[in-house]
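As structure tokens, the structure follows; a few thoughts come after it.
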Amino acid sequence: DSGVTQTPKHLITATGQRVTLRCSPRSGDLSVYWYQQSLDQGLQFLIQYYNGEERAKGNILERFSAQQFPDLHSELNLSSLELGDSALYFCASSVRTGFVSTDTQYFGPGTRLTVL
Amino acid sequence: SQELEQSPQSLIVQEGKNLTINCTSSKTLYGLYWYKQKYGEGLIFLMMLQKGGEEKSHEKITAKLDEKKQQSSLHITASQPSHAGIYLCGADILMDSNYQLIWGAGTKLIIKP
């Protein structure tokens, strides 16, 4: 158990809908990362938050947004869902500030999103 | 092209045999991470290497960092069915004055009984 929790574990929804994925980082970790993993794309970095502020952006679509709350949990919002958004969505956490050269990310179990 | 190349993409190995997976960066490495993932599950942290020449072991898995070659290798001795899964490497690189983690595409390992 990494200490990172994600809910829900599975989500099935229809195209055009909106969903929210939730992540609670490990105790003491200030950074939260969101990743998308599909069969053909591998692990794709979406976005990072550090202590409530956006720190880095990856291949995140405009239909997707995220935030990190004062208690450090994070939510990833996916809207106007398309079939191609079906994937595993992972959250990871670390203490990283961006100014330290090495830092280990610990991953949650993931949310499997299926868009029908 | 990929900044972090993993090879091979997939590997089928007879149980009991040894194997090696490589991860090569096109940029200066400040840290190299190995993770294992079982299908549909989260990534499990295996080990982190930081210094050139560093070598770490966990059970039958050994990872080395060749700083000059900007490369790391993951070696599994006497493979077992429990070693099956996807192995991913991640690397800390300096980008726009911040350290960021980039990922390899993964190596799928199948162990034949």
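Calculate log10 I(q)/I(0) of chain A for q = 0.15 Å⁻¹, where I(q) comes from the Debye formula with a single equal point scatterer on each Cα and nothing for solvent.
Listed by q, the Debye log ratios stand at -0.59.
Net charge near residue B:81, counting Lys/Arg +1 and Asp/Glu -1 over other residues with Cβ under 13 Å of its Cβ?
That works out to +3.
I need the GluC sites (Glu not before Pro) found in segment B:11-113, filtered to DSSP loop residues with at most 11 other beta carbons within 10 Å of theirs.
Within segment B:11-113, the qualifying GluC sites (Glu not before Pro) (loop, at most 11 other Cβ atoms within 10 Å) are B:59.
If you put +1 on each Lys and Arg Cβ and -1 on each Asp and Glu Cβ, how big is the dipole of the protein assembly as shown around its Cα centre, in Debye rounded to 20?
Details: 21 positive and 22 negative charges, 105 e Å.
Dipole of the protein assembly as shown, to the nearest 20 debye: 500 debye.
Counting pairs of alpha carbon atoms under 8 Å apart in space and at least six apart in sequence, what relative contact order in percent does chain B give?
For chain B, the relative contact order is 36 percent.
In nanometres, what is the gap between the two model label sites at residue A:102 and residue A:75, each 7 Å from Cα along Cα-to-Cβ?
According to this spin-label approximation, the distance is 3.8 nm.
Translational D (Stokes-Einstein, µm²/s) of segment A:51-116 at 10 °C and 1.306 mPa s when Rh comes from the Kirkwood sum over C-alpha pairs? Walk me through the numbers before you get to the answer.
On the way: Rh = 13.7 Å.
For the chosen part, D equals 116 µm²/s.
When every alpha-carbon pair in segment B:1-42 is counted, what percent end up more than 13 Å apart?
In whole percent, the share of Cα-Cα pairs in segment B:1-42 beyond 13 Å is 68.
What is the distance in Å between the Cα centroid of segment B:19-70 and that of segment A:41-116?
The distance from the Cα centre of segment B:19-70 to that of segment A:41-116 comes to 23 Å.
Using DSSP to call loops (not H, G, I, E or B), can you name the trypsin sites (Lys or Arg not before Pro) in segment B:32-97 whose Cβ has at most 15 other Cβ atoms within 10 angstrom? Before the final figure, lay out each step's value.
Values: sites: B:36, B:38, B:51, B:56, B:60, B:64, B:68, B:69; in loops: B:38, B:51, B:60, B:68, B:69.
Those that pass, being in a loop and sparsely packed, are B:38, B:51, B:60, B:68, B:69.
Tell me, what are the semi-axes, in whole angstrom and largest first, of the equivalent ellipsoid of segment B:61-113 as set by the roots of 5 times the Cα gyration tensor eigenvalues?
After scaling each eigenvalue by five and taking roots: 28, 13, 7 Å.
Using a 10 Å cut-off around each Cβ, can you sort A:71, B:92 from fewest to most neighbouring Cβ atoms?
So the ranking, lowest neighbour count to highest, is A:71, B:92.
For residue B:40, what charge total do you get from the other residues with a beta carbon under 11 Å from its beta carbon, if Lys and Arg give +1 and Asp and Glu give -1?
Spelling it out: positives minus negatives among the neighbours equals +2.
From the C-alpha gyration tensor of the protein assembly as shown, pull out the three semi-axes of the equivalent ellipsoid (sqrt of 5λ each), sorted largest to smallest, in whole Å.
Over the Cα atoms of the protein assembly as shown, the semi-axes work out to 29, 21, 15 Å.
Within a Cβ distance under 11 Å of residue A:112, other residues only, what is the Lys/Arg minus Asp/Glu net charge?
Working: positive: A:9; negative: B:41.
Summing Lys and Arg as +1 and Asp and Glu as -1 gives 0.
Per residue of B:100-111, count partner chain C-beta atoms within 10 Å of its C-beta, then hand back the mean as an integer.
Rounded to a whole number, the mean comes out at 3.
So if each residue of separation counts as 0.36 nm, and I subtract the Cα-Cα distance between residue B:57 and residue B:17, what length gain in nm does that give?
Working: separation 40, 0.36 × 40 = 14.40 nm, distance 1.74 nm.
12.7 nm is the gain from fully extending residue B:57 to residue B:17.
State which stretch of chain A is the longest one without any exposed trypsin sites (Lys or Arg not before Pro), exposure meaning a DSSP loop state and at most 15 other Cβ atoms within 10 Å.
After excluding every exposed loop site, the longest remaining stretch is A:64-116.
Given 10 °C and 1.306 mPa s, how large is the Stokes-Einstein diffusion coefficient of chain B in µm²/s, with Rh as the Kirkwood radius over Cα pairs?
So the translational diffusion coefficient is about 112 µm²/s.
Rule-based calculations on the coordinates, nothing more; no lab input. Remember, predicted model here, so these are calculated numbers, not experimental data. Cβ atoms come from the backbone with ideal geometry, glycine included; neighbour counts cover every protein chain shown.
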